[in-house]
Amino acid sequence: MKTQKDLEKPIWDQMRSPSGNPIPGTGSSTRPAPKLMVWLILFVSVTYVVYTLKLVSTSRACEDEAFSTAQRTSTAMVHNVTAKSSELLIQNQTASDHYHLHRRESQETRTERPTEIHHIVFGIAASAKLWDKRKEYIKIWYRPDDDMRGVVWLDSVVKTNTTDNLPPTKISSDTSQFPYTNKQGHRSAIRISRIVSETLRLGLKNVRWFVMGDDDTVFITENLVRVLRKYDHNQYYYIGSLSESHLQNIFFSYGMAYGGGGFAISYPLAKALVKMQDRCIHRYPGLYGSDDRMQACMAELGVPLTKELGFHQYDVYGNLFGLLAAHPVTPLVSLHHLDVVEPIFPNMTRVEALQHLMVPKKLDSAAIMQQSICYDKRRTWTISVSWGFAVQVFRGIFSPREMEMPSRTFLNWYRRADYTAYAFNTRPVSRNQCQKPFVFYMSKAIFNSTMNQTVSEYTRHRVPHPECRWKMANPADLDTIVVYKKPDPHLWDRSPRRNCCRVLKSKTKGKGSIEIDVGICRAGHESNHSLYAAFMI
């Protein structure tokens, strides 16, 4: 009897055969039914594929035929209405977006308009005792016709003259209720520390910055504006600089803006200060001056000093030449302690010297006192130009690193302190008789409108020079140096960089002068570094 397994065996063997034919020896006979089934399946498959392809290719036509003419018209009308509505909505939205964008841009333009001099109010600390002398310094820089605003705060009434064009004077309020216990100072420090608050209480309009200074401080107001433009006046800012004396900074603070050099406080910070300053002053009776009281209140408000090196306290004695001839690469903003130091130009009074400095300042305020270093390869000279102030000519080659350090022509605020008590690097005045610089002070400056450049002339300061036996050209043969420079009001809109200079081939036949071109360093021009390197090879 055949089992179920025996009956299934031929079918299994047939499925195992690759050709579909029975395996020989299985005992199965050939049947036509399987072939017919295969052909039938193949026919149905081909028919299905062809029909599917035809259906896909004519689906759009079939869809069109499926709808009546009325249906097609209705659908088209709906599509048109929808399209027009969408288009109208987009137009309205676009117009709305343009309106809001224009409004926002107008608001931003109004709020972000660059700071100008009329946005600044000066608070000047003055003493009635010294007013007749010190007011001459204020006359040098203060110009009410240029929309400047300021108030001179005095301890008592002084005689004023409207023709002096000075800021209005006011008497500081009584400060006798505030304690003062510092035995080395003077309680007028309390009065001066309240000048910013008292100026704010005057209610002046459209104020962005309050700038504090002393009556013996001279501001380069164009550069002050350039510095303040960098900062958002809507934020809390306390801007100024330190003392030149390391000991001064230790005794008082390295985080304090020295008031004589001037400092700036933004309007919102001044509003915060006025609310708490009187209580703050009560908490610090032992402090020495006005500026350290101000810094103590700034510390309570959590506002640090933002340092700008162009504010100069000048806690030094003697001759400022070394400091001014190697001014840092930053705008010159202020000069202080002018009664203590020598006149910045020889053979002039202090006031005359500062008035003389205003001549090149009017031509190119951004570049005033900015140092350039170049080399006369033919004569083997190093030349340092402090534009608008002085030119130095050295025998031999000095590195830029050395030349940008101020030479010690001045003395420390503390007479017994040596050069290690400065808060910056300095270099000694050379003891080598051949390396003593020949100094040429600015004698005149004009603007050449044809060439669109300034022409400044520097005349040699005639002082005895020791004999030098070096076999090279002698700068003593020079009488004048002429410097050409195009005004560059956007100098400080770029990243800080010292200007470049180069010695020109002289157009004059005489040997008594040389000509120098000063300007921004351009690609392709030899830089100071490569010129110096060329000498060192």
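The values are calculated or read from the model by the stated rules, or taken from the named source; none is laboratory data. What you see is a predicted model; the values in this text were computed from it and never measured. Because the Cβ atoms are built from the backbone with ideal geometry, glycine has one as well, and the counts that use them run over all protein chains shown. Calculation scope for accessible area: heavy atoms of the full protein, side chains included, ligands and nucleic acids excluded. Shrake-Rupley method; radii C 1.70, N 1.55, O 1.52, S 1.80 Å.
Answer yes or no: is there a residue in the range 258-271 that is within 31 Å of the chain's Cα centre (by Cα), charged (D, E, K, R) and closer than 24 Å to Lys205 by Cα. Before the answer, list the steps.
We begin by selecting, within the range 258-271, every residue within 31 Å of the chain's Cα centre (by Cα); these are 258-271.
Of the ones still in play, those that are also charged (D, E, K, R) are 271.
Filter again for closer than 24 Å to Lys205 by Cα, leaving 271.
Yes, the range 258-271 contains a residue that is within 31 Å of the chain's Cα centre (by Cα), charged (D, E, K, R) and closer than 24 Å to Lys205 by Cα.
What number of residues within the range 387-399 are within 26 Å of the chain's Cα centre (by Cα) and surrounded by fewer than 21 Cβ atoms within 10 Å (Cβ to Cβ)?
0
For the range 364-374, check the following and say yes or no: at least one residue is modelled with pLDDT of 95 or more, in a helix (DSSP H, G or I), surrounded by fewer than 21 Cβ atoms within 10 Å (Cβ to Cβ) and in contact with a Pro (Cβ under 8 Å, 6 or more places away or on another chain). Let's see the steps before the verdict.
So in the range 364-374, the residues modelled with pLDDT of 95 or more come out as 364-374.
Checking the rest, the ones that are also in a helix (DSSP H, G or I) come to 365-367.
Still in the list and also surrounded by fewer than 21 Cβ atoms within 10 Å (Cβ to Cβ): 366.
Retained after the next criterion (residues that are in contact with a Pro (Cβ under 8 Å, 6 or more places away or on another chain)): 366.
Taking every residue of the range 364-374 in turn, at least one turns out to be modelled with pLDDT of 95 or more, in a helix (DSSP H, G or I), surrounded by fewer than 21 Cβ atoms within 10 Å (Cβ to Cβ) and in contact with a Pro (Cβ under 8 Å, 6 or more places away or on another chain).
Restricting to the range 453-466, and then to whatever is without any contact (Cβ under 8 Å) to a residue 40 or more places away in the chain and within 13 Å of Pro437 (Cα to Cα), can you tell me which residue is least open to solvent (accessible area, probe 1.4 Å)? Full working, then the answer.
Let us first name the residues in the range 453-466 that are without any contact (Cβ under 8 Å) to a residue 40 or more places away in the chain, namely 453, 455, 457, 459-460, 462-466.
From the residues that got through so far, the ones that are within 13 Å of Pro437 (Cα to Cα) too are 460, 462-466.
Values: Arg460: 35, Arg462: 148, Val463: 60, Pro464: 116, His465: 55, Pro466: 51 Å².
Across the range 453-466, the extreme among qualifying residues is Arg460.
Considering each of Glu116, Glu136 in turn, give the residue that is open to solvent by 30 Å² or more (accessible area, probe 1.4 Å) and either at pLDDT below 95 or closer than 26 Å to Ser266 by Cβ (or both). Lay out the reasoning, then the answer.
On the way: Glu136 fails: either at pLDDT below 95 or closer than 26 Å to Ser266 by Cβ (or both).
On inspection, the qualifying residue turns out to be Glu116.
Please determine, by comparing only the residues of the range 143-196 that are touching a Pro at 6+ places or on another chain (Cβ under 9 Å), touching a residue at least 60 places away in the same chain (Cβ under 8 Å) and among the hydroxyl-bearing types (Ser, Thr, Tyr), which one is surrounded by the fewest Cβ atoms within 10 Å (Cβ to Cβ).
Thr181
Please note which strands (runs of 3 or more DSSP E) are completely contained in the range 229-327 and include at least 2 residues that are open to solvent by 10 Å² or more (accessible area, probe 1.4 Å) and under 30 Å from Ile344 (Cβ atoms).
Ranges flagged: 316-318.
Any idea how many residues of the range 298-327 are over 22 Å from Asp418 (Cα atoms) and either touching a Gly at 6+ places or on another chain (Cβ under 7 Å) or in contact (Cβ under 8 Å) with a residue 40 or more places away in the chain (or both)?
Here is the first cut: in the range 298-327, the residues over 22 Å from Asp418 (Cα atoms) are 298-311.
If we keep only those that are either touching a Gly at 6+ places or on another chain (Cβ under 7 Å) or in contact (Cβ under 8 Å) with a residue 40 or more places away in the chain (or both) as well, we get 298-299, 301, 303-311.
Total meeting the criteria: 12.
If you go through the range 426-434 one residue at a time, do you hit one that is of a type in the set (A, V, I, L, M), under 23 Å from His312 (Cβ atoms) and surrounded by fewer than 18 Cβ atoms within 10 Å (Cβ to Cβ)? Give the steps one after another, and end with the answer.
Within the range 426-434, the first condition is being of a type in the set (A, V, I, L, M), and the residues that meet it are 429.
Remaining after also requiring under 23 Å from His312 (Cβ atoms): 429.
Going one step further and asking which of them are surrounded by fewer than 18 Cβ atoms within 10 Å (Cβ to Cβ), we end up with 429.
Scanning the range 426-434, I find at least one residue that is of a type in the set (A, V, I, L, M), under 23 Å from His312 (Cβ atoms) and surrounded by fewer than 18 Cβ atoms within 10 Å (Cβ to Cβ), so the answer is yes.
Might you check whether a residue that is more than 25 Å from Ile368 (Cα to Cα), open to solvent by less than 40 Å² (accessible area, probe 1.4 Å) and either assigned to a loop (DSSP other than H, G, I, E, B) or among the hydroxyl-bearing types (Ser, Thr, Tyr) (or both) occurs anywhere in the range 205-223?
We begin by selecting, within the range 205-223, every residue more than 25 Å from Ile368 (Cα to Cα); these are 205-208.
Still in the list and also open to solvent by less than 40 Å² (accessible area, probe 1.4 Å): 207-208.
Remaining after also requiring either assigned to a loop (DSSP other than H, G, I, E, B) or among the hydroxyl-bearing types (Ser, Thr, Tyr) (or both): 207-208.
Yes, the range 205-223 has at least one match.
Looking only at the range 427-460, count how many residues are within 29 Å of Asp488 (Cα to Cα), in contact with a strand residue (DSSP E or B) (Cβ under 7 Å, 6 or more places away or on another chain) and not in a strand (DSSP E or B).
Step one: filter the range 427-460 for residues within 29 Å of Asp488 (Cα to Cα), giving 437-460.
So of that shortlist, the ones also in contact with a strand residue (DSSP E or B) (Cβ under 7 Å, 6 or more places away or on another chain) come out as 437-448, 453-460.
The next check asks that each one be not in a strand (DSSP E or B); those that pass are 437.
The number of residues fulfilling the criteria is 1.
Looking at (1) free of Cβ contacts under 8 Å to residues at least 12 places away in the same chain; (2) more than 30 Å from Ile140 (Cβ to Cβ); (3) in contact with a Leu (Cβ under 9 Å, 6 or more places away or on another chain), find the lone condition where Ile250 falls short.
Exception for Ile250: condition (3).
Take Arg378 and tell me if it is modelled with pLDDT under 95, open to solvent by 10 Å² or more (accessible area, probe 1.4 Å) and among the charged types (D, E, K, R). Spell out how you get there, then give the answer.
Values: modelled with pLDDT under 95: yes; open to solvent by 10 Å² or more (accessible area, probe 1.4 Å): yes; among the charged types (D, E, K, R): yes.
In short, yes.
Could you list all residues from the range 156-179 that are hydroxyl-bearing (Ser, Thr, Tyr), under 21 Å from Leu130 (Cβ atoms) and modelled with pLDDT of 95 or more?
Ser156, Thr169, Ser172, Ser173, Thr175
Under the condition of being more than 34 Å from the chain's Cα centre (by Cα) and touching a residue at least 24 places away in the same chain (Cβ under 8 Å), which residue from the range 414-425 is most open to solvent (accessible area, probe 1.4 Å)?
Ranking the candidates gives Arg415 first.
Which members of the range 409-423 meet the condition of being in a loop (DSSP other than H, G, I, E, B) and either in contact with a strand residue (DSSP E or B) (Cβ under 7 Å, 6 or more places away or on another chain) or at pLDDT 95 or above (or both)? Outline the logic, then answer.
As a first pass, look at the range 409-423 and keep what is in a loop (DSSP other than H, G, I, E, B): 409, 413-418, 423.
Answer for the range 409-423, where residues must be in a loop (DSSP other than H, G, I, E, B) and either in contact with a strand residue (DSSP E or B) (Cβ under 7 Å, 6 or more places away or on another chain) or at pLDDT 95 or above (or both): Thr409, Trp413, Tyr414, Ala423.
If Asn432 satisfies all but one of (1) at pLDDT below 95; (2) of a type outside the set (Phe, Trp, Tyr); (3) farther than 29 Å from Asp477 by Cα, what's the number of the condition it fails?
Unmet condition: (3).
Identify all residues within the range 464-490 that are out of contact with any strand residue (DSSP E or B) (no Cβ under 8 Å at 6 or more places or on another chain) and assigned to a helix (DSSP H, G or I); write none if there are none.
Asp477
Within the range 328-337, restricting attention to residues that are more than 20 Å from the chain's Cα centre (by Cα) and open to solvent by less than 10 Å² (accessible area, probe 1.4 Å), which residue is nearest to Leu357 (Cα to Cα)? So that I can check it myself, show each step before the final result.
Taking the range 328-337 first, the residues more than 20 Å from the chain's Cα centre (by Cα) are 335-337.
Still in the list and also open to solvent by less than 10 Å² (accessible area, probe 1.4 Å): 335-336.
On the way: Leu335: 12, His336: 15 Å.
Per the stated criteria, the residue is Leu335.
Against the condition at pLDDT 95 or above and in contact with a strand residue (DSSP E or B) (Cβ under 7 Å, 6 or more places away or on another chain), how does Leu320 come out, does it pass?
yes
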